[in-house]
Amino acid sequence: MLIKYSTTPDSKDKDFITWDPKFKIGIPTIDTQHENLVKLCNEFYQSLLKNNDKENNQLVVKQTLEKCLNYAATHFKEEERLMIASHFSGYKQHKASHDAFTEKCEIAYMRIEKLTTSECIKFAHFLREWIQTHIAHEDRLYLPTLLEFLKKNQSKQ
């Protein structure tokens with residue numbers, strides 16, 4: 001199915017991606033990080049809508065994307081640490097997903113000054129879909145292993 005994206009901003013007043021409690025996986029640290037990723041995606045999108053000064057807008061967009069990338073890297077390290085500690089069998093595939101996302105974002109970051117507003121908005125759609133899909137599906141795959149690991153280690157204390 002081909003999904004068409006509007007490359008014109010929806011609204012300056014509403015969130016681009018809405019945090020939904022169904023995204024929660026039940027691990028407070030990870031849930032907070034996921035919620036922050038959603039906020040940063042919204043911040044990136046909103047930065048695209050602000051500032052009519054093209055040069056200033058590119059700077060703001062680049063700084064916002066950099067903040068998103070740095071936070072995602074921190075989040076991925078935490079998730080990967082937990083997956084390794086719990087011996088999650090799908091770790092390599094999950095890490096590959098993180099790595100592919102990071103690579104795509106780094107390429108966009110390096111090219112941000114050359115991207116049109118339309119291309120930046122398409123990239124924002126990519127961020128939104130990736131966050132929603134990754135949290136709603138891929139992160140749930142490690143959850144049973146991680147919860148079992150946490151339960152065992154909690155009972156040892």
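The values are calculated or read from the model by the stated rules, or taken from the named source; none is laboratory data. What you see is a predicted model; the values in this text were computed from it and never measured. Positions of Cβ are backbone-derived with ideal geometry, glycine not excepted, and every protein chain shown enters the neighbour counts. Surface accessibility is based on the protein's heavy atoms, side chains included, excluding ligands, DNA and RNA. Shrake-Rupley method; radii C 1.70, N 1.55, O 1.52, S 1.80 Å.
Descending by average beta-carbon neighbour count within 10 Å, the peptides 133-139, 105-111, 31-37 line up as 31-37, 133-139, 105-111, the highest first. Site pair Lys50 and Glu103 shows an inter-label distance of 3.3 nm when each label is modelled 7 Å from Cα along Cα→Cβ. Can you compute the helix-only [θ] at 222 nm over the chain? Use -39500 (n - 2.57) per DSSP H run of at least 4 residues, normalise by all residues, nearest 500 deg cm²/dmol. Mean residue ellipticity, 222 nm, calculated: -24000 deg cm²/dmol.
Shape index of the chain: Rg/Rh, with Rg the Cα radius of gyration and Rh the Kirkwood radius from the inverse mean 1/r over Cα pairs, equals 1.02. The relative contact order of the chain comes to 34 percent, based on Cα pairs under 8 Å that sit 6 or more residues apart.
What is the helix-to-structure angle for 139-155, meaning the angle in degrees between its Cα long axis and the longest Cα principal axis of the chain, kept from 0 to 90 and rounded to the nearest 10? Computed tilt is about 40 degrees. If you take the alpha carbon atoms of the stretch 74-157 and fit the smallest convex hull around them, that volume is 89 Å³ per residue.
Computed extension gain for Glu35 through Asp20, at 0.36 nm per residue and net of the alpha carbon distance, reaches 4.5 nm. The long axis of helix 117-133 is offset from the longest Cα principal axis of the chain by roughly 20 degrees. If you fit an axis through the alpha-carbon atoms of helix 91-111 and take the longest principal axis of the Cα set of the chain, what angle between them do you get, 0 to 90°, nearest 10? That works out to roughly 20 degrees.
Residues of the stretch 61-102 with backbone nitrogen within less than 18 Å of a virtual label 7 Å along the Cα-to-Cβ line of Glu148, please, listed as ranges. Backbone N within reach: 82-94.
Could you order Phe126, Phe16 by accessible surface area, starting with the largest, using a probe radius of 1.4 Å?
Putting Phe126, Phe16 in descending order of accessible area: Phe126, Phe16.
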